[in-house]
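Only one structure is covered here, and it is reproduced in the block below.
The values are calculated or read from the model by the stated rules, or taken from the named source; none is laboratory data. Keep in mind that this is a model prediction, so the values were computed, not measured. Every residue, glycine among them, receives a Cβ derived from its backbone with ideal geometry; neighbour counts consider all protein chains shown. Note: accessible area is taken over every heavy atom of the protein model, side chains too, but ligands, DNA and RNA are not part of it. Shrake-Rupley method; radii C 1.70, N 1.55, O 1.52, S 1.80 Å.
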Amino acid sequence: MTDEPQAIRLEPSFWRETLAPYAIPDARRGAIDVATSAVPYLALTGLMYALVDVSPVLVAALSILAAGFLMRTFIVFHDCAHGSFLPWRRANTWLGVACGLLVYSPFHSWRHEHAVHHATAGDLDRRGMGDVDTLTVAEYLRCSRPQRVGYRLMRNPLVMLGLGPLWALILEPRLVPSWARKRFGRKILATDLALVGLLLGLCMLFGWRAVLLVQLPAAMLAGALGIWLFYVQHQFEEVYWERKEDWSYVASALHGSSYLRLPRVLQFFTGNIGLHHVHHLHAGIPNYNLQRAHDENPVFHDARELDLRAAVLAFRLKLYDEQRRRLVRFSEARGA
């Protein structure tokens, strides 16, 4: 593969054929993933309920570990949405629905919204579904003062990571958006009712204070981690954005998605999703094959690498400058 010209390696027929072996789901690996994600999360949750009256401090400490396993459970949910986790379509759906209850998300509508994200990531003319709201410099300068204040607040890391999980994980998934009413409305409401039933049952067993102490911190921490990951996967200085007529799926995957190099423990809890450039080029590759696909295919080796420091500094970037073809800070945008 290293002798192939770059143009050939970017042809859809080439990379689909080349990456096809990595996109074969493995039931054994899937079972291991479930055993190292949802199972320990549920076990830790049970332990925390048992310890609520013994040591709330210990419960709070365990919630950090529970958040890690909840994040890993979300990756299982995510792979099921792509139909890539298990070899059987129905098994992916039912496991996705079950994991959706653990991560507070309706499976079917989330699957649709995420598919749209994959089909439009990096397209300036098709923003708004499944991505972080990003304005161009020109669009920002046309905004009214209240609109600018709202955008600045939304892009503030304290708001994004502090209030963001409450909205993105707890509140927004409970709503039925207009685009989903006919296709997914009942499934969203069914998920809401199931969650209400589960939480009410837990409240009856342990009390509402215990439920808040056990469920909320882990959900908020996992949500903040998820938002940070999703942000840095498509928000870095040289990120690829193009208008629809010039947009390329392959270029968007390889240059509009980052390769976030994480310490091994964080890579484990985030289910290899830092290899986002691989995932966006072929969404059918399950998380447990992403690293191997990256290592064995040079086409991935020119992706934008981010370490932890660069991933944190990416929060400074606020607007896309179409003239300079990069994300910039507010201070770099003339008139902002």
Checklist entry - Which one of the conditions (1) surrounded by fewer than 17 Cβ atoms within 10 Å (Cβ to Cβ); (2) part of a loop (DSSP other than H, G, I, E, B) does N272 fail to meet, given that it meets all the rest? => result (1)
Checklist entry - Within the stretch 190-202, is even one residue part of a helix (DSSP H, G or I), in contact with an Asp or Glu (Cβ under 9 Å, 6 or more places away or on another chain) and either surrounded by 13 or more Cβ atoms within 10 Å (Cβ to Cβ) or modelled with pLDDT of 95 or more (or both)? => result no
Next on the checklist: Given (1) touching a Lys or Arg at 6+ places or on another chain (Cβ under 8 Å); (2) open to solvent by less than 30 Å² (accessible area, probe 1.4 Å), identify the lone condition not met by A66.
Outcome noted: (1)
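From V239, V211, grab the single residue that is surrounded by 19 or more Cβ atoms within 10 Å (Cβ to Cβ) and outside any helix (DSSP H, G or I). Spell out how you get there, then give the answer.
On the way: V211 fails: outside any helix (DSSP H, G or I).
Going through V239, V211 in turn, just one is surrounded by 19 or more Cβ atoms within 10 Å (Cβ to Cβ) and outside any helix (DSSP H, G or I): V239.
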Next on the checklist: Can you go through A91, A98, A60 and tell me which one is open to solvent by 10 Å² or more (accessible area, probe 1.4 Å) and under 18 Å from G284 (Cα atoms)?
Outcome noted: A91
Next on the checklist: Which condition from (1) closer than 18 Å to M160 by Cα; (2) modelled with pLDDT under 95 is the one that L319 breaks?
Outcome noted: (2)
Next on the checklist: Anything in the stretch 172-189 that is without any contact (Cβ under 8 Å) to a residue 60 or more places away in the chain and either under 19 Å from T93 (Cβ atoms) or aromatic (F, W, Y) (or both)? List them, or say none.
Outcome noted: W179, G185, R186, L189
Item to check | Qualifying positions in the stretch 132-171 - surrounded by 13 or more Cβ atoms within 10 Å (Cβ to Cβ), free of Cβ contacts under 8 Å to residues at least 40 places away in the same chain and within 30 Å of L193 (Cβ to Cβ) | outcome: L163, W167
Checklist entry - Quick one: is G226 open to solvent by less than 10 Å² (accessible area, probe 1.4 Å), touching a residue at least 40 places away in the same chain (Cβ under 8 Å) and under 22 Å from the mean Cα position of the chain (by Cα)? => result no
Next on the checklist: Being under 20 Å from G122 (Cα atoms), open to solvent by 60 Å² or more (accessible area, probe 1.4 Å) and part of a helix (DSSP H, G or I) is the filter here; which residues of the stretch 309-336 pass it?
Outcome noted: R316
Checklist entry - open to solvent by 70 Å² or more (accessible area, probe 1.4 Å) and in contact (Cβ under 8 Å) with a residue 12 or more places away in the chain, is that true of L306? => result no
Checklist outcome for this item: Taking the stretch 1-50 and the residues there that are modelled with pLDDT of 95 or more and among the polar types (S, T, N, Q), the one that is least open to solvent (accessible area, probe 1.4 Å) would be S37
Checklist outcome for this item: Residue set A180, A218; condition under 26 Å from R111 (Cα atoms), modelled with pLDDT under 90 and open to solvent by less than 40 Å² (accessible area, probe 1.4 Å); output residue A180
Checklist entry - If you take the residues of the stretch 118-131 that are surrounded by fewer than 16 Cβ atoms within 10 Å (Cβ to Cβ) and aliphatic (A, V, I, L, M), which of them is farthest from the chain's Cα centre (by Cα)? => result A119
